[in-house]
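Note sheet for the following structure.
The values are calculated or read from the model by the stated rules, or taken from the named source; none is laboratory data. In this text the structure is predicted, and so the values were computed from the model without any measurement. Cβ placement follows ideal geometry from the backbone for every residue including glycine, while neighbour counts extend to all protein chains displayed. These area figures cover heavy atoms from the full protein model, side chains too; ligands, DNA and RNA do not enter into them. Shrake-Rupley method; radii C 1.70, N 1.55, O 1.52, S 1.80 Å.
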Amino acid sequence: MSIRKVTSLTALTTFILLLLTSVVLYIVPAGRVAYWSDWTLLGLSKGQWEDLHLNLGIAFLLACVLHLYYNWRPLISYLKNRIGKLRFFTGESVLALLITLIFALGTLLAVPPFSTIVDFSDRIKDQAAQRYGEPPYGHAELSSLNDFTRRVRLDLDGSLAALQAAGIKVESPEQTLLEISRANRISPREIHRIIRD
């Protein structure tokens with residue numbers, strides 16, 4: 001078995017999966033909406049997609065470091081001029097640095113086409129907020145039923161009765177909406193709809 005081949009193939013497969021998770025994270029609703037509506041894609045929540053992206057990124061970086069180690073001589077040859085003298089600022093390295101700087105500065109300065117890409121993602125997230133609905137306040141799903149009903153000015157006893165009538169099991173008013181929703185396989189948004197109506 002060749003470690004060099006394993007390294008290259010690991011870099012390739014993690015890169016492909018990073019592309020997939022990047023696309024998903026580009027279109028995923030904003031956190032408050034995703035968690036409120038219990039958004040999933042391919043059975044994975046927003047948090048799971050983020051965790052996957054993070055750990056695949058680490059695997060990709062480690063594979064790239066090993067790839068550089070195993071391919072150090074060819075990389076150094078890219079930095080040599082025609083007579084074999086090492087130069088850090090070859091035409092190719094300057095162009096590579098320039099392309100990277102254009103993408104970074106274009107994004108930070110919010111100029112087109114970089115701002116257009118970011119704006120398009122924002123529009124997708126805004127459409128998701130309209131489709132799935134906004135929580136009454138940030139991370140409402142993490143509030144206990146007791147706190148939630150108090151904050152949205154609903155009667156706790158009436159809310160418990162409405163949930164029971166809908167077949168929703170609540171062990172305690174101190175359970176969070178997220179815990180209740182997961183135990184009953186519905187979204188926190190649906191719990192709010194039941195107690196609000």
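Here are the numbers for this structure:
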item: Relative contact order %, the chain, counting alpha carbon pairs below 8 Å whose residues are six or more apart; result: 24 percent
item: Residue order for ARG153, ARG123 - accessible surface, 1.4 angstrom probe, largest first; result: ARG153, ARG123
item: Leading residue at positive end of dipole, the chain (Cβ point charges), from LEU145, PRO112, ALA165; result: PRO112
item: Among THR13, THR116, THR100: highest mean-square fluctuation, GNM of the chain, C-alpha pairs under 10 Å; result: THR100
item: Local electrostatic count at SER181 - Lys and Arg +1, Asp and Glu -1, tallied over other residues with Cβ under 14 Å; result: 0
item: Length released on extending from ILE99 to ARG123, taking residue separation times 0.36 nm less the Cα-Cα span; result: 6.0 nm
item: Coordinate range along principal axes, alpha carbons of segment 85-197, Å, largest first; result: 79, 29, 22
item: Accessible surface of PHE120 - all protein chains present, 1.4 Å probe, nearest 10 Å²; result: 100 Å²
item: Cα-based reach from LYS46 at 18 Å (exclusive), listing lysines while leaving out same-chain residues under 8 positions away; result: LYS125
item: Kirkwood Rh in Å, taken over the chain so that all alpha-carbon pairs contribute; result: 20.9 Å
item: Hydrodynamic radius (Kirkwood) for segment 78-150, which is based on Cα pairs only, to one decimal in Å; result: 16.9 Å
item: Kyte-Doolittle mean at least 1.0, axial Cα span of 20 Å or more - DSSP H helices of the chain; result: 3-27, 91-108
item: Magnitude of the charge dipole, segment 1-160, Cβ model with Lys/Arg +1 and Asp/Glu -1, debye to 20; result: 1160 debye
